[in-house]
1. Quick one: among A:83, A:75, A:129, which has the greatest mean-square fluctuation in a GNM of chain A with alpha-carbon springs under 10 angstrom?
2. Show which lysines lie in cross-link reach of residue B:25 when reach means a straight Cα distance below 30 angstrom and same-chain residues fewer than eight apart are skipped.
3. About the Cα centre of the protein assembly as shown, how large is the charge dipole given +1 on each Lys and Arg Cβ and -1 on each Asp and Glu Cβ? Please answer in debye to the nearest 20.
4. Treat each spin label as a single point 7 Å out from the Cα along the C-beta direction, and report the residue B:31 to residue A:73 distance in nm.
5. Compute the semi-axes of the equivalent ellipsoid of the stretch A:34-138, taking the square root of 5 times each eigenvalue of the Cα gyration tensor, and list them largest first in whole Å.
6. Compare the Cα positions of B:85, B:146, B:105 along the charge dipole of chain B (+1 at Cβ of Lys, Arg; -1 at Cβ of Asp, Glu; about the Cα centre) and return the one farthest towards the positive end.
7. Calculate, axis by axis, the spread of Cα positions in the protein assembly as shown along the three principal axes, and write the results as whole Å, longest axis first.
8. Residues of A:132-144, mean number of Cβ from any other protein chain within 10 Å of their own Cβ, rounded to a whole number?
There are 2 protein chains.
Amino acid sequence: MNTTDTSLIDSALRTWKLNIDRANKFFTGLSEEQLQQEIAPGKNRLIYLWGHLTAVNDALIPLLGFGERRNPELDPAFLLNPDRSVQQTLSGKELQRIWEETNEFLWAEFSKLSPAEWIQKHTSVSQEDFQREPHRNRFTVLMSRTGHIGYHLGQAVLAERQ
Amino acid sequence: MNTTDTSLIDSALRTWKLNIDRANKFFTGLSEEQLQQEIAPGKNRLIYLWGHLTAVNDALIPLLGFGERRNPELDPAFLLNPDRSVQQTLSGKELQRIWEETNEFLWAEFSKLSPAEWIQKHTSVSQEDFQREPHRNRFTVLMSRTGHIGYHLGQAVLAERQ
């Protein structure tokens with residue numbers, strides 16, 4: 001049975017999933033060498049974008065109240081610093097496993113939320129601020145992070161296939 | 001008064017607006033020369049991305065049932081063909097005017113829709129297909145086009161400032 005609010009959430013979850021699927025299709029199966037390619041001369045490497053998206057998705061776990069982060073070790077190399085400034089030793093295969101596990105976990109949690117829970121505050125806004133700014137809720141975070149995946153995918157596709 | 005569905009729509013409209021504002025901030029004020037820059041060697045020029053986003057937004061007008069297209073003349077140079085394959089004579093100033101007018105028109109129309117209208121079918125899906133695939137609605141289109149703006153903005157920011 002579809003009510004208006006479940007339809008709206010269904011649309012947003014489909015849009016998230018579409019972006020995850022596009023990223024899967026793009027990154028999965030790239031060789032270690034291909035992952036070292038830059039999206040443009042002097043710009044981020046593909047492995048950095050993939051790791052960055054993985055770290056940001058992992059950080060959604062506490063932000064949306066689903067529990068503790070599972071892979072905070074990604075942050076120094078992929079989130080807190082620019083590409084190449086920190087030595088990273090993760091292979092593409094390992095990154096793929098983390099990426100997939102993170103997304104499966106998120107998807108399972110997303111599916112449990114009711115419409116009322118989607119518009120509850122996320123965990124990094126205070127109760128007081130949320131009273132004044134009720135748009136700082138889980139649903140807005142979902143849409144912002146969906147857009148973030150697309151933003152970097154737009155960049156990733158610029159890398160010349162080798 | 002906020003119900004769950006109006007909150008969900010408010011989040012989506014804010015996310016759209018945020019992307020429009022980012023695009024405004026990026027493109028507005030670029031010189032004609034800067035607009036000729038490529039996002040990376042051999043890739044699309046900034047003017048092409050901006051024109052492309054404008055044409056896609058213009059095409060939202062009939063897709064969402066708001067009326068006829070206002071600037072279909074953009075399509076040959078910015079939507080139907082790759083960059084540089086069609087002679088285009090539009091200046092950045094003219095493009096900016098069309099971009100702004102299009103977005104103002106869309107915003108006014110978005111604001112009139114009720115939650116029930118957001119989950120109605122868009123105009124390029126048949127009634128029969130929509131019965132089977134109720135996610136092919138206005139709201140899904142809004143989210144997809146919001147993502148499309150971000151996708152190309154991710155590319156635009158790669159252009160080296162000159």
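1. A:129
2. The qualifying lysines are A:17, A:43, A:121, B:17, B:43, B:93, B:112.
3. Working: 36 positive and 42 negative charges, 10 e Å.
My answer is approximately 40 debye.
4. 5.0
5. Values: eigenvalues 186, 52, 26 Å².
Taking √(5λ) for each Cα gyration eigenvalue gives 31, 16, 11 Å.
6. B:146
7. 50, 49, 42
8. Across A:132-144, the average partner-chain Cβ count within 10 Å equals 4.
The values are calculated or read from the model by the stated rules, or taken from the named source; none is laboratory data. Quick caveat: nothing in here was measured; it's all calculated off a predicted structure. Glycine gets a Cβ as well: all are built from the backbone with ideal geometry, and neighbour counts include every protein chain shown. Accessible surface is based on the protein model in full, side chains and every heavy atom, while ligands, DNA and RNA are left aside. Shrake-Rupley method; radii C 1.70, N 1.55, O 1.52, S 1.80 Å.
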